[in-house]
């Protein structure tokens, strides 16, 4: 990743976040989905949260977004406490969700207008669609879009309030290489316009390509943190399985093990 | 408030484009109305009776002719064997046999009435009718005026047809079905699709979402119910005796109760199957116990106390009183108390149970 100037004030700050869920099967027992996660994400960076399935990535993201209650610890976005003022936080963040379905019978324009108005804003839906290269689909319904188009539309709907921080939850999962590259470009251009981006991913190549800094999570904890290059320097096994590229995957596997996750 | 109206407008747009579900919500009650509307006109026909004229004289011919003119009866004349068979087949309600000595005014003759004894109830109903008709004929033939002529005046000036009883019940049932499906099923579907979460990341408040959905459903329910009522009035001559504004109030209150019930179900049920089950659990018993198709008084005694307090019962009975009997809401205080109680219960529960964080994920 090319070096860039990053504002040193953390725009997203998480301090020892904890989330307990009831154990599936066991009635009164709980397990820690997120176990004391602390993050400091600086304004203007692209920040990646990596981890195997069930590591607590999405739960961490949802606590930052105000979608899930924080059991203990605290989170602030641009200095606003997420628990105390969830609505103020929602005003300044954009959230792209894994689910990609919308109301039936509404076009992309209808939906963007609706989301925009819910933020009490008047963003032009066509301009938003242009930003994600979907302007020719303005009158289409989401069901008619391809996987990549759906993801881009999902991002467009997260941009209706001109967010300071954009959260992307596995934005390229299930996309073909072309659609994936196309989405990376979109993320880069949004970041270039000054937007802070927080994303989760399984894709090491994606993390290496997009992220200024990453954390690797497993079993609800942060087990490594740094720039992709730092992590490769410190954690890549000797000798690297593949010398020139894709080494972050080796780092990931050496840290989280080779056992299959559900 | 702005977001509530925005959501209401949005939902109205979505629901009104959902032609399929609009068709099916109207199809069911209209089918019922059509079936019972036509059956009903049949029941006003004259009673089919047979006459065997064993006398075969001028006087007996005059008698048969007079009986044929009687509005209650449609007369078939024939021989005893053939007519008897028709009674057995159910084509004729009874057969009157005029004896051979049926000769004239000064000569009383014994008539015989053949009936199907298996139809004991029908026979018991028919006998006074026949006797009354014979008395009418006798007076006519002897040219005597009745000593106590009786003119019947219907003080209520209302119809007693089954279709008039049924239509208010069907309207109430439609309100129940549209509302439960329109809130409960919708919420589960929106959760499954991740739409609730999508909305929850915006600054929308629960009251905007619920308020918008309720407003849209109310508007749609009023339109659908008005359409059904118009069909009933125009095609089936169902009278609307009561106050139309009060009718609207009842439609609103009924919808609000059932929408709230739907919201409760939608918040509790996590899957499509669960909501279907809950929905049936709420709609099916009420459909049969709330006096939609037959009056609660005609039900087994043990069921009546339960039937009397079901929410649909209050909606059905108040709609029926307003539409068919022309009563005002102020004249139905116990029913109004029942409606108010259900509205308070279901609304409180709906608000308690609907929490974005739990419902959305």
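Where a number appears in this text, it was derived from the coordinates with a stated rule and is not lab data. Model, not experiment: these values are computed from the prediction. Cβ placement follows ideal geometry from the backbone for every residue including glycine, while neighbour counts extend to all protein chains displayed.
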Revision key, fill the gap. In units of 2.2 N^0.38 Å, the Cα radius of gyration of region A:140-202 is 1.09
Point to revise | Longest to shortest principal axis, alpha-carbon extents of chain B, angstrom | key: 97, 40, 39
**Study point:** Estimated inter-spin distance, residue B:284 and residue A:227, nm [label 7 Å along Cα→Cβ]
**Key:** 6.6 nm
Check your understanding: If we restrict to alpha carbons, what Rg and Dmax does chain A come to, in Å?
Key -> 18.6, 56
Review point. Which residues does a label at residue A:30 reach in region A:65-93, if reach means a backbone N under 16 Å from a point 7 Å past the Cα toward the Cβ?
Key: A:68-74
Revision key, fill the gap. Longest principal axis of chain A (C-alpha) makes with the long axis of helix A:108-118 (C-alpha) an angle, in degrees to the nearest 10, of 80 degrees
Review point. Taking the highest mean first, how do the peptides B:315-325, B:140-150 order by number of other beta carbon atoms within 10 angstrom per residue?
Key: B:315-325, B:140-150
Check your understanding: Which percent, nearest 5, of DSSP beta bridges in region A:84-229 are antiparallel?
Key -> 35 percent
Exercise for review: Could you check the simple spin-label distance between residue B:162 and residue B:294, using points 7 Å along Cα→Cβ, in nm with one decimal?
Suggested key: 1.0 nm
Review point. Taking springs between alpha-carbon atoms closer than 10 angstrom, which of B:180, B:240, B:88 fluctuates most in the Gaussian network model of chain B?
Key: B:88
Check your understanding: Mean residue ellipticity at 222 nm from the helices of chain B, using -39,500 (n - 2.57) per DSSP H segment of n ≥ 4 over the full residue count, to the nearest 500 deg cm²/dmol?
Key -> -21500 deg cm²/dmol
Revision key, fill the gap. Taking Cα pairs closer than 8 Å and at least 6 residues apart, the relative contact order of chain B in percent is 21 percent
Exercise for review: Kindly state, to the nearest 0.05, the FRET efficiency for residue A:184 paired with residue A:255, given R0 = 25 Å and r defined as their beta-carbon distance.
Suggested key: 0.55
Check your understanding: Dividing the convex hull volume of the alpha carbon atoms of region A:127-262 by its residue count, what do you get in Å³ per residue?
Key -> 136 Å³
Check your understanding: Nearest-5 percent of antiparallel DSSP beta bridges in the protein assembly as shown?
Key -> 45 percent
Study note, to complete from the structure: As a Kirkwood estimate from alpha-carbon pairs, region B:243-361 has a hydrodynamic radius in angstrom of 15.4 Å
Check your understanding: Once you average over the residues of B:143-151, how many Cβ atoms of partner chains fall within 10 Å of each Cβ?
Key -> 0
Check your understanding: Label points 7 Å out from Cα along the Cβ direction at residue B:274 and residue B:193: separation in nm?
Key -> 2.0 nm
Practice item. Tell me what chain A gives for mean residue ellipticity at 222 nm when only DSSP H runs of n ≥ 4 count, each as -39,500 (n - 2.57), the sum divided by the residue total, rounded to 500 deg cm²/dmol. Key: -9500 deg cm²/dmol
Exercise for review: Give the relative contact order (percent, whole number) for region B:187-316; include only Cα pairs under 8 Å separated by 6+ residues.
Suggested key: 25 percent
Check your understanding: Using only the Cα atoms, what convex hull volume per residue in Å³ does the protein assembly as shown have?
Key -> 222 Å³
**Study point:** Calculated Rg and Dmax of region A:104-177 using C-alpha coordinates, Å
**Key:** 11.9, 37
Exercise for review: On a 0 to 90° scale, report how tilted helix B:311-323 is relative to the longest principal axis of chain B, with both axes built from alpha carbons and the result rounded to the nearest 10.
Suggested key: 60 degrees
Point to revise | 0 to 90° range, to nearest 10: angle between helix B:206-236 axis and chain B longest Cα axis | key: 20 degrees
**Study point:** Relative contact order (%) - criterion: Cα under 8 Å, at least six apart; region: region A:33-155
**Key:** 18 percent
Exercise for review: Report, largest value first, the span of the C-alpha coordinates of region A:57-154 along each principal axis, in whole Å.
Suggested key: 45, 27, 22
Revision key, fill the gap. Taking the reciprocal of mean 1/r across every pair of different Cα atoms in region B:64-212, the Kirkwood radius in Å is 22.1 Å
